[in-house]
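What follows is one structure encoded as structure tokens, with my remarks underneath.
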Amino acid sequence: MTKRKPLSEKPRKKKVIKKKRNRLQRFIREKRKAQEQKKTEKQGNKWKSLIPVILLAVLVAAGVIAFVVLKYQEGVRRQEAMKLMQEARESRKQKEKTQQERYLATVRERMKVADQIQEAWEDLWLDEIELTEENQDTFATVESCLISSEDSSIVEIKGTLPGIPKSDSDDIYIFPLNTYETSIPEGAEPADTFRIEKTKATFTFHANLNNRQANSRMFKKFVVAAKVDGKYKIISRSHYITNPEAVAKYNVYTPASSIKGLLVDPSRLNTGELEDLGVKQAAYNIPLSKITGQTTSANYPTIHYTYNGKTYAIDGQSVAEFDIVFGSLSKKGIRTTAIILNDMNYEYPELVHPKARSGSTAPYVMFNGAEEAGVDAMAAMATFLAERYSGTGHGTVSNWVIANEINARSHWNYMEYTDVYNYTKEYAQAFRVFYNAIKSVNASAEIYMPLDQTWNRNLNDRNYDARDVLDNFNNIVKEKGNIDWQLAYHPYPVPLTNAAFWNTGAYYKKLTIDSVDTAMINMKNIHVVTDYLCQESFLTDEGETRHVLLSEQGFTSSSGGEGVQAAAFAYAYYISEANSHINGFLLNRQTDAPEEVAQGLAFGLNYSGGGHKQIYNVFKKIDTEQSQQATEFAKSILGISDWSSVIKQH
């Protein structure tokens, strides 16, 4: 045993106690710590067992909370949705209200506009007008009556109305009438019907032309009608077709290098004289009695010509003679004018006007446009001649003169005396038949109405002044459909027996003055006629001045001799050449006619027994470079030194 150093008893005791106390305190701490740990573990185990419960509770709580939140949110959303829906409803209501207000405003505006339009339409609506004796005949106006350019089998009639005629309906009708008819025949049916529009003051009818058929309307006049109390009443002036050339098969016209022309002598056709004379134009008469009727020669049988359902007998031998004349002239390049004359016709008396069949010895009479048979016969003869002489192998006739000096009623175109209007109306009716017939065959042919030199004499000798006939003819034609008629004029010297038309006695000078009111026309004042035709009222629809063909004038060699005759021709020719409206100067004649010579009228270039006169050589050279030389002699006869002193341009 190891000996210990001796310590004091007291300090050691304290140290042991302290150690024991520390050990006890540590034990207690550890014990407490163990207990606390145990307690903690116990508590931890307790909480561990509660975790599922707590978690479940938490989950339940979370679910509840979530549900509540969702419900709340749903409630909020629902409230927001309801609010939005309410706002949308309010917005829609406001929008609908605005749209409705706008719509109502638009409707009101449209109604206002509609009312204005209605008022405007009512202003435009045609008034309903009572038909009276004063307005009935001219209530409707036919503006045009034309063969359609799109379909030549159709006639198109257009016009205007001042209002709606009070009638059985809003329909109006178009009727074709004969030239001589003034009312609609009982039982006639309209060619077409037109329903009037309340706001349209125009109308258009369409009718079949029926060209070259028995019911042809080529020569009809059309009238507008309304039905009143079950009967048709004419409410317009009549109107003819004005473009017959729309159906023409031919389009020929012989050109001429000068106006120099001659009434030819058929017996001298093949003598070379026309070539020697340098004839550019020629005229020849066709009396209709000569070509109508049966032929007695077996070599030239009767021509049976059918037109518009009727057959006519035409003298083949006479036609052959005309073939020779017109064929020969055409071969020589001469522009030919045919003058169709209506002498008393016993084969076809229907060609003669019913008021011209007795009471006169005049060689020619009024054509018959007053009866159906007359119109048909004229149309047939005119069509036959135009077809034969439109470059079809028998010659070409470019100009056609219908009748002769029609104002000289008792001498050259007889019809019972009546006032100048009705006389001219009868001629105009016949003229239009010839015009439509010829132009429907040859579109380029020119159709002339003839007048003599008695212009405005006012003799009251039961003849008529040329100016009066011209005025009436122009007015009648324009009223019933303007056409391109031309004028054939005969400005013979006054008097006929004095070739020196520039040198007459005081009495005759007063008759031939440079005034529209001159009593007579001769070559010195022929410009009065051409100036007269330059008036607007006489122009064609295209604004053109009508041609003047001096188709017959002559200067006798019986008084004054051959020199005066030749000088007169030269002077007259130069006057005509200076007038742009004169398209032909046809001198009467190639050879003296004995019956005229007996009256002091030796008009020929040649004597009837043979031999040329001085005028022959002047005529030959008048349109050549030798003209001035050939006419130099005439200046001393006229008492002038230069042609310009007496020739004025027109």
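The values are calculated or read from the model by the stated rules, or taken from the named source; none is laboratory data. All values derive from a computational prediction rather than experimental measurement. Counting neighbours? That spans all protein chains shown, and the Cβs are built from the backbone with ideal geometry, glycine included. Areas reflect the complete protein model, heavy atoms only, side chains present, ligands, DNA and RNA absent. Shrake-Rupley method; radii C 1.70, N 1.55, O 1.52, S 1.80 Å.
The figures follow:
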read-out: Residue that is nearest to MET415 (Cα to Cα) [pool: residues in the stretch 433-445 that are open to solvent by less than 10 Å² (accessible area, probe 1.4 Å) and not aliphatic (A, V, I, L, M)]; value: PHE434
read-out: Residue tally, condition in a loop (DSSP other than H, G, I, E, B), under 20 Å from the mean Cα position of the chain (by Cα) and small (Gly, Ala, Ser), over the stretch 242-260; value: 1
read-out: Extreme residue, nearest to LYS621 (Cα to Cα), among residues of the stretch 588-610 that are in contact with a Lys or Arg (Cβ under 8 Å, 6 or more places away or on another chain) and surrounded by 18 or more Cβ atoms within 10 Å (Cβ to Cβ); value: LEU605
read-out: Residue within the stretch 134-149 that is open to solvent by 50 Å² or more (accessible area, probe 1.4 Å), aliphatic (A, V, I, L, M) and outside any loop (DSSP other than H, G, I, E, B) present; value: yes
read-out: Any chance LYS478 is under 36 Å from the mean Cα position of the chain (by Cα) and open to solvent by 60 Å² or more (accessible area, probe 1.4 Å); value: yes
read-out: Test for TYR284: is it farther than 30 Å from TYR574 by Cα and either surrounded by fewer than 21 Cβ atoms within 10 Å (Cβ to Cβ) or modelled with pLDDT under 95 (or both); value: no
read-out: The stretch 349-396, subset under 20 Å from ALA443 (Cβ atoms) and of a type in the set (Ser, Thr, Tyr), residue surrounded by the fewest Cβ atoms within 10 Å (Cβ to Cβ); value: THR392
read-out: Positions within the stretch 198-240 being of a type in the set (Ser, Thr, Tyr) and at pLDDT 95 or above, in sequence order; value: THR204, SER216, TYR232, SER236, SER238, TYR240
read-out: Matching residues, the stretch 419-429, being of a type outside the set (A, V, I, L, M) and either over 15 Å from ASP461 (Cβ atoms) or crowded, with 17+ Cβ neighbours inside 10 Å (or both); value: TYR421, ASN422, TYR423, THR424, LYS425, GLU426, TYR427, GLN429
read-out: PHE194 open to solvent by less than 10 Å² (accessible area, probe 1.4 Å), aromatic (Phe, Trp, Tyr) and at pLDDT 95 or above; value: no
read-out: Where a residue in the stretch 586-603 is over 15 Å from GLU562 (Cβ atoms) and its partner, wherever it lies, is surrounded by fewer than 18 Cβ atoms within 10 Å (Cβ to Cβ) and among the charged types (D, E, K, R), with Cβ under 9 Å and at least six apart; value: GLN590/ARG268
read-out: All positions within the stretch 494-543 that are open to solvent by 70 Å² or more (accessible area, probe 1.4 Å), part of a loop (DSSP other than H, G, I, E, B) and closer than 30 Å to ALA598 by Cβ; value: ASN503
read-out: Those residues of the stretch 423-454 which are among the hydrophobic types (A, V, I, L, M, F, W, C) and more than 26 Å from the chain's Cα centre (by Cα), in sequence order; value: LEU451
read-out: In the stretch 544-556, residue nearest to LEU470 (Cα to Cα) [restricted to those that are in a loop (DSSP other than H, G, I, E, B) and open to solvent by less than 20 Å² (accessible area, probe 1.4 Å)]; value: ARG546
read-out: Residues of the stretch 465-495 that turn out to be touching a Ser or Thr at 6+ places or on another chain (Cβ under 8 Å) and among the hydroxyl-bearing types (Ser, Thr, Tyr), as a count; value: 1
read-out: In the stretch 333-348, residue modelled with the lowest pLDDT [restricted to those that are touching a helix residue (DSSP H, G or I) at 6+ places or on another chain (Cβ under 6 Å) and open to solvent by 10 Å² or more (accessible area, probe 1.4 Å)]; value: TYR348
read-out: Of residues in the stretch 615-650 being charged (D, E, K, R) and surrounded by 15 or more Cβ atoms within 10 Å (Cβ to Cβ), the one farthest from the chain's Cα centre (by Cα); value: LYS635
read-out: Count of the stretch 367-422 residues which are on the phi > 0 side of the Ramachandran plot and of a type in the set (A, V, I, L, M); value: 1
read-out: Residue match in the stretch 295-302 (condition: more than 29 Å from LEU587 (Cα to Cα), modelled with pLDDT under 95 and surrounded by 18 or more Cβ atoms within 10 Å (Cβ to Cβ)); value: yes
read-out: Enumeration of residues in the stretch 558-574 that are open to solvent by 20 Å² or more (accessible area, probe 1.4 Å), out of contact with any Gly (no Cβ under 6 Å at 6 or more places or on another chain) and either within 30 Å of ASN474 (Cα to Cα) or assigned to a loop (DSSP other than H, G, I, E, B) (or both); value: SER559, GLY560
read-out: Any hit, the stretch 267-274, residues being farther than 30 Å from ILE615 by Cβ and either under 33 Å from the mean Cα position of the chain (by Cα) or open to solvent by 30 Å² or more (accessible area, probe 1.4 Å) (or both); value: no
read-out: Residue selected from the stretch 246-266 under the condition open to solvent by 20 Å² or more (accessible area, probe 1.4 Å) and of a type in the set (Val, Ile, Thr), by the criterion nearest to LEU209 (Cα to Cα); value: VAL247
read-out: Test: residue in the stretch 463-471 that is open to solvent by 40 Å² or more (accessible area, probe 1.4 Å) and at positive phi; value: no
read-out: Yes/no for ILE259 being among the aliphatic types (A, V, I, L, M), out of contact with any strand residue (DSSP E or B) (no Cβ under 7 Å at 6 or more places or on another chain) and in contact (Cβ under 8 Å) with a residue 24 or more places away in the chain; value: no
read-out: From ASN210, ASN243, ASN215, residue being surrounded by fewer than 18 Cβ atoms within 10 Å (Cβ to Cβ) and on the phi < 0 side of the Ramachandran plot; value: ASN215
